[in-house]
Each structure stands twice: as structure tokens, then as C-alpha cells.
1. Name the residues whose placed amide hydrogens come within less than 5 Å of the amide hydrogen of A:SER135, ignoring near sequence neighbours (fewer than 5 apart) on the same chain.
2. For the cross-link pairs A:LYS81/A:LYS182; A:LYS111/B:LYS44; A:LYS81/B:LYS29, which exceed 32 Å when the distance is taken from alpha carbon to alpha carbon?
3. Under 17 Å between alpha carbons, and skipping anything fewer than 8 positions from A:LYS236 in its own chain: which aspartates and glutamates qualify?
4. Starting from the Cα of A:ASN61, step 7 Å along the direction of its Cβ; do the same at A:LYS211; then give the gap between the two resulting points in nm.
5. Please report the equivalent ellipsoid semi-axes of chain B, computed as sqrt(5 x eigenvalue) of the Cα gyration tensor, largest first, in whole Å.
6. What is the mean number of Cβ atoms from other protein chains located within 10 Å of the Cβ atom of each residue in peptide B:9-18, rounded to a whole number?
7. If you take all C-alpha pairs in chain A, what percent of them are over 33 Å apart?
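Each reported figure results from applying straightforward, stated rules to the coordinates on display, with no laboratory input. All values derive from a computational prediction rather than experimental measurement. FYI the Cβ positions are ideal-geometry reconstructions off the backbone, even for glycines, and counts take in every protein chain you see.
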Amino acid sequence: MEKSQVGKKQQNNEQKEQTSDLVHKIQQLGQTSVAEAPDTNIHVLSIIGQVEGHIQLPPQNKTTKYEHILPQLIAIEQNPKIEGLIILLNTVGGDVEAGLALAEMIASLSKPTVSIVLGGGHSIGVPIAVAADYSYIVPTATMTIHPVRLTGLVIGVPQTFEYLDKMQERVIQFVVEHSGVKEDQFKELMFAKGNLTRDIGTNIVGTEAVKHGLIDEVGGVKNAMEKVNQLINMRKTQEVIQ
Amino acid sequence: MILYTPLSELDIFPISETDYTKLRSISYKGKNIYVENISDGNYKIIQLISTDPSDFLNENYSPGTLISYQDSNDI
């Protein structure tokens, strides 16, 4: 008799859990079931908000922490089931060193990578976007190219200026090496006057970024998926020949 | 209220220590997730950190899901 009561209690508890689960799902997602997908051979890396580096930003900022991304990139390189990577970018920029670290990691992956700039790929988002094997930008996305600075205030110490100047040179070199843009042209965009209110630099929109050679093509998810599959197939046939 | 000031917002409204500690990254069922400590013995999932798109369809990791302290292993 006791046993059956205990059994009933357990059943009741389980039922309660199930219903609360269901209520919860409706509260959070507005639906009861979520689509399930088979294992995918293409992984997605989203770089959103600010690129967070050495300094922890206040919690209300949306950030992408490079200490999270770097191990993921290693895992992608290592896992034989993963054949390609799509990088989604919607970033306002952030820590230059962290951004360059991400860009170098993406550029040195052996697996095909395709990036899509959505919304914005500003500042240090530019090297990250061009680091991929092939880059796309949606027509409405913008990219701000501007010199490296700390806060936008005038730098008073020559050593600081030289340090930032060297850092800027690294960014320029990386972008020039990984995209179709010429160094002179990129510098011209970076130091242009009159485009940004009371600041130097340029804000370029989708098709302009392609025109300057910074980004390979205007396109969205469909194009990026096709491209990454095409690159995967090319890599496979190369391996067969070898 | 409108404040006209050259100071940054954070100088006027500093972030409290508890805000920093409320959010934490933990490992849950083998995945790294960002959770908010809602201090009733549960964590609320804020963000899943993964590159596998199918993880985002897994309802166990959907944002807002509550998980108890026992189910999670801190990292």
C-alpha cells in the first residue's frame, strides 16, 4: 500500500515537472517544440557586440570574449566532422589586440571559412571580416574604418603615439594581405576627413566595401552557405588528387 | 532625467560588484553557457557559447531555461 502511494507521488511530481517545462517553453519561446536538426558539418561562429580583450567590460555590454572564441577555433580545427566555418559579424569593434588575435586565428585555420558582415563590422571588425577565405557583406551593413586610438582624446605622450602607430600598422598590413584593398586606398579611407562628424575615417556601406576590394561580394546566408560548400568540395577533390 | 555632462555614464552610475558576479560562465551537460544567478538555487541560461548550430535548437540550452546548482559544474 505504502509503496503504491510513493509511486503515485513520484508520478505526480514527474507530471508537474513536465507541465512546468511546457509552460516554461511557451513563456520563453512562444511555442512548445523546437525543431531538431541532424549533425552539421558547418559550424557557426558569431562575433557580436564588442570584442572583449584584456579588460572586462561592465555586464550590460554585449560582448564576445576572445578567451571563449580561441579554444572554439582550435576545437573546429581539430574535429574531423567539422568541414567548414561561417563567421557572423555584427560588431562595433573593441580591443585591437584581441581582435587581431581572432583575425589571425581565423586566417590560419586549414578549413574553409566564410564571413558575413551583418549590420556592422566596424573598427577591429574589419580585419576579422577579411580574415576568412571569402567574405560577404549584406547590402545594408556598414563598416567604419578609422585610426587606432584609446578614447578619442588627443594623445599627449609621444611614446603612446608611437605604440598606437605601430599597432595601426599591424592592422593595416593584415587587412591589405587578406583582402583585395590596396594599402594606399585603405589608408585614404582611414584618414579621410569630412565623412565622420568631427572625426577622421570613413563609414562604408555594403556595395562600397566590395567596390574598394575590402569584401569579396555582397550577399547573405544563402550565398555564404553555397560558397562554404563549394570550398569544402574543392578541398575534398584536392585531397583526392594528392 | 537628462544629465548634460562630459563624464562617462559609468562615472556617474558605477556598476555594482554584484552585477559582475551575478553573471557567470559554467559548464552544463558538456557545453559552456552563460548563466544568471537568480539566487533561489537556480541559474537562468542567458547565452549558449557554442559553434554548433544544432546546439541552438536543443531546448535544454534555450535562453531562459532554469537549471539547478546541482545540475551544473562550475568552471
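1. Placed amide hydrogens put A:SER115, A:ASP216, A:GLU217 under 5 Å from A:SER135.
2. A:LYS81/A:LYS182; A:LYS111/B:LYS44
3. Partners found: A:GLU77, A:GLU83, A:ASP133, A:GLU226.
4. 3.4
5. Ellipsoid semi-axes (Å, largest first): 31, 15, 11.
6. Values: counts 2, 2, 0, 0, 1, 1, 5, 1, 0, 1.
For this peptide, the per-residue mean of nearby foreign Cβ atoms is 1.
7. Result for the distance tail: 32 percent.
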